[in-house]
Amino acid sequence: MADEVDALVEAWQRERPDLDASPLHVLSRVTRLSHHLDRARSQAFSAHELDSWEFDVLAALRRAGAPYALSPGRLGAQTLVTSGTMTNRIDRLEARGLVRREPDPADRRGVRVVLTDAGRTRVDSALADLVSREHAILAGLTPGDQASLVMQLRRLLETFDVQDQPRAK
């Protein structure tokens, strides 16, 4: 059962026989899958009046456990954004009443970002919707297929995780 990626790889092999285009069989499918997943996630979040980045910040706070608070630096590290971007995001979420800033009791100079009750309700309902949609996406795979895919994706991601590790001086 050939698909669009097979046709793409075949065309490259015809046009550039000097190159081994075989990685495209895997990574072009991953890229296409990523676009579909981004759309599905955006639909789940927009149903709860959230953008993807808003969900990411609220989810990081929710996963932190009670009292659902993190420093802006930890939030930035967990959501892979710069401190300037995180400040802007916190400002916008605070204006919507989904988070609040408060002094860090462990560091008088610090601030922590706390998930409000409204933020917790919003992220919890968006997560339930997201998980339901993602179960439907994976419904065509057996539990064994899913476990195998998890292991293979984990191995593939290790390449990037190793590259992202801070280097010793």
- Query: Within the range 98-123, how many residues turn out to be under 16 Å from D56 (Cα atoms) and either surrounded by fewer than 15 Cβ atoms within 10 Å (Cβ to Cβ) or in contact with a Phe, Trp or Tyr (Cβ under 7 Å, 6 or more places away or on another chain) (or both)?
  - Reply: 6
- Mind counting the residues in the range 4-49 that are assigned to a loop (DSSP other than H, G, I, E, B) and over 25 Å from L157 (Cα atoms)? 6
- Query: Any residue at all in the range 109-132 that is modelled with pLDDT of 95 or more, within 18 Å of S42 (Cβ to Cβ) and in contact with a Gly (Cβ under 8 Å, 6 or more places away or on another chain)?
  - Reply: no
- Query: Is it fair to say S52 is in contact with a helix residue (DSSP H, G or I) (Cβ under 8 Å, 6 or more places away or on another chain), farther than 23 Å from I137 by Cα and of a type outside the set (F, W, Y)?
  - Reply: no
- Message: Can you tell me which condition A60 does not meet? The list is (1) assigned to a helix (DSSP H, G or I); (2) in contact with a Lys or Arg (Cβ under 7 Å, 6 or more places away or on another chain), and all the others hold.
- Response: (2)
- Restricting the first residue to the range 5-17 and requiring it to be farther than 19 Å from L33 by Cβ, which pairs with a second residue that is exposed (fewer than 10 other Cβ atoms within 10 Å of the Cβ) and not aromatic (F, W, Y) meet a Cβ separation below 8 Å and a spacing of at least six or different chains? none
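The values are calculated or read from the model by the stated rules, or taken from the named source; none is laboratory data. Computed from a prediction, not measured in an experiment: that's the story for all the values here. For neighbour counting, all protein chains shown are included, and Cβ atoms are generated from backbone atoms with ideal geometry for every residue, glycine included.
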